[in-house]
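For reference, the structure is listed below as structure tokens.
The values are calculated or read from the model by the stated rules, or taken from the named source; none is laboratory data. Computed from a predicted model, the values in this text were never measured in an experiment. Because the Cβ atoms are built from the backbone with ideal geometry, glycine has one as well, and the counts that use them run over all protein chains shown. Just the protein is used for accessible areas: all its heavy atoms, side chains included, with ligands, DNA and RNA removed. Shrake-Rupley method; radii C 1.70, N 1.55, O 1.52, S 1.80 Å.
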Protein chains: 2
Amino acid sequence: MSIFNFSLNKVSPQPVYEQYALQLRALIEREVLKEGEFLPSEFELASQWGVSRPTVRRVISELANDGFLIRRHGIGTSVLSNARRRTPAYHGVFEELQLDGRNPKTEVIGFARIDLSKENAISLELPVSSEVVRIQRTRSIDGVPLAILSNLIPVDISEKISRTDLQEHGLYELLDRAGHKPFSGTQKIGARTGSISERKRLSLELDKAVLTIDRITRDMHGRVIDLGNHVYRAERYFVEMAIGKENGGEFL
Amino acid sequence: MSIFNFSLNKVSPQPVYEQYALQLRALIEREVLKEGEFLPSEFELASQWGVSRPTVRRVISELANDGFLIRRHGIGTSVLSNARRRTPAYHGVFEELQLDGRNPKTEVIGFARIDLSKENAISLELPVSSEVVRIQRTRSIDGVPLAILSNLIPVDISEKISRTDLQEHGLYELLDRAGHKPFSGTQKIGARTGSISERKRLSLELDKAVLTIDRITRDMHGRVIDLGNHVYRAERYFVEMAIGKENGGEFL
DNA sequence: TAGTGGTCTAGACCACATT
DNA sequence: ATGTGGTCTAGACCACTAC
């Protein structure tokens, strides 16, 4: 009985390649299949699984794209080490990454319609006369202020979000629920010396640095649903991310 | 004569799907195919191109993955707007992005073997006794200092790189040439107040902020080939990136 | 030479959205 | 009912790597 004897639900709407990919992925994650180990050839897998080779290839492609497997022409398909694996990019790491046991808190310090400045109107791609809502929040951990979050959101979307929601949930989660799932966007990460009001809010010492993140978020239809300006205490926050093939390129 | 009458080089080692994908992509980028416009159905394209439907699907998949096209079941395949498009993540944006007409310069201020500190040995996954080379560079634009780049590189790799190479080319380009193509990695972006020596090197005013990028780069075999610590003048540098499905997730 | 993955074909059946 | 994309099959030939 091979470890590749996977189960297949033929009535499930989940496609075959997805079912097998999930099970194969689990084998790798649980290290039943260890680093460097080779998979049976595509022909063998096709016969073992009772599917065609294109389907086997699709399964393997899924995992190869996620960096779990590497295919080498003329050699075979083997398991990549954790180190070689491209972990999914992930952002917004928090101090030493440990949220467990911490006590994060969000305070909503502003939730009101504002007049749109000309430049913000352009960024949001709205007519200058449009109304937007400015949401201002502070985030703290164990009572220590961490960040000031300021977001501009079109009025019609903001109406689906309440002030109390914001204390319990992330903005993106709420936008999603409101039917505006964040889909794409751009962000700039920069640094500067904190301003007077930022120093006050973040309990910063004089002239200490802050990390800034400015982002534009769009829903699936390309509509701008959020314009965020976030300011973090630099000593307690950094952004961590995986870098892979596409987003390589040397930094200047 | 349809705009989809692409050319096909049958002797080229470049696969068919890639040749067609490139030409289709060009149509979209030049806006011959405009936002919202529909492609012929996969069957029609297969017949026009003289290839099978799976090949057509592969062509379309390439562009759909890059966010140029969107496929909707039962409806068809259409061109995404620039806004909806997920532009490839790209980092290391420079002032206002304009390198054109600028005069970037790299000065190598250090290129020597050093004793490996214990913590760096662990990061590079080398025995503590191993020797590494520390490369220190400064980058400036039009005579204005922009960044201090410090990299640790295993000795055997550094031997394939010369000091003069570094003045002309990027480190990653040189690593690539040396047979250690950067493959994956992790980086942390943070901010802090510049140290005394950094203030001097970057001509920073007292207590000005710097943006820091620390990265670990690995080659295809999972070997650590670079440990970089980069410090940028915050007023003149920021990191810009696209955010998509995978690397979404709310920032804390 | 044998075995591997890479590409491609020519179909089939299905689920989905529109008419 | 029609046409679309989504899945899957059962082959074929090629290019690459090892032996």
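Quick notes on this structure:
- Pairs with C-alpha atoms separated by more than 25 Å, drawn from the list A:Lys160/A:Lys200; A:Lys10/A:Lys181; B:Lys105/B:Lys200, are A:Lys160/A:Lys200; A:Lys10/A:Lys181.
- Label spacing, shortest first and in nm, from B:Glu107 to its equivalents in the remaining copies (7 angstrom along Cα→Cβ): 4.7
- Rolling a 1.4 angstrom probe over region B:16-84 with all protein chains present gives an accessible area of which 47% lies on carbon and sulfur atoms.
- Computed from phi, the 3J(HN,Hα) profile of region B:7-18 under the Karplus parametrisation 6.51, -1.76, 1.60 (θ = phi - 60°) reads 8, 9, 9, 6, 8, 4, x, 5, x, 4, 4, 6 Hz, with x in place of Gly and Pro.
- Estimated inter-spin distance, A:Ser203 and B:Arg30, nm [label 7 Å along Cα→Cβ]: 6.1 nm
- In Å², nearest 10: area of A:Trp49 left accessible to a 1.4 Å probe: 20 Å²
- For A:Leu22, the point set 7 Å out from Cα toward Cβ sits 3.9 nm from its twins in the other copies, listed from shortest up.
- Here the 3J(HN,Hα) profile of region B:48-60, calculated from phi with Karplus coefficients 6.51, -1.76 and 1.60 at θ = phi - 60°, is 4, 7, x, 10, 7, 5, x, 5, 4, 4, 5, 4, 5 Hz, Gly and Pro shown as x.
- Take each peptide in A:230-236, B:151-157, count the other Cβ atoms within 10 Å of every residue, and average; sorted highest first, the result is A:230-236, B:151-157.
- Computed over all pairs of different Cα atoms, the Kirkwood value for the hydrodynamic radius of region B:16-84 is 11.9 Å.
- 1.4 Å probe accessible area per residue over region A:16-84, in Å²: 53 Å²
- Leaving ligands and nucleic acids aside, the A/B contact buries around 5000 square angstrom of accessible area in total at a 1.4 Å probe radius.
- Net length gained if the chain between A:Ser150 and A:Lys181 were fully extended (0.36 nm per residue, minus Cα distance): 9.3 nm
- Region B:55-77 versus region B:5-44: alpha-carbon centroid distance in Å: 11 Å
- Shielding of peptide A:227-234 by partners, expressed as the average count of other chain Cβ atoms within 10 Å per residue Cβ, is 2.
- Neighbouring partner chain Cβ atoms per residue of A:177-189, average, 10 Å criterion: 5
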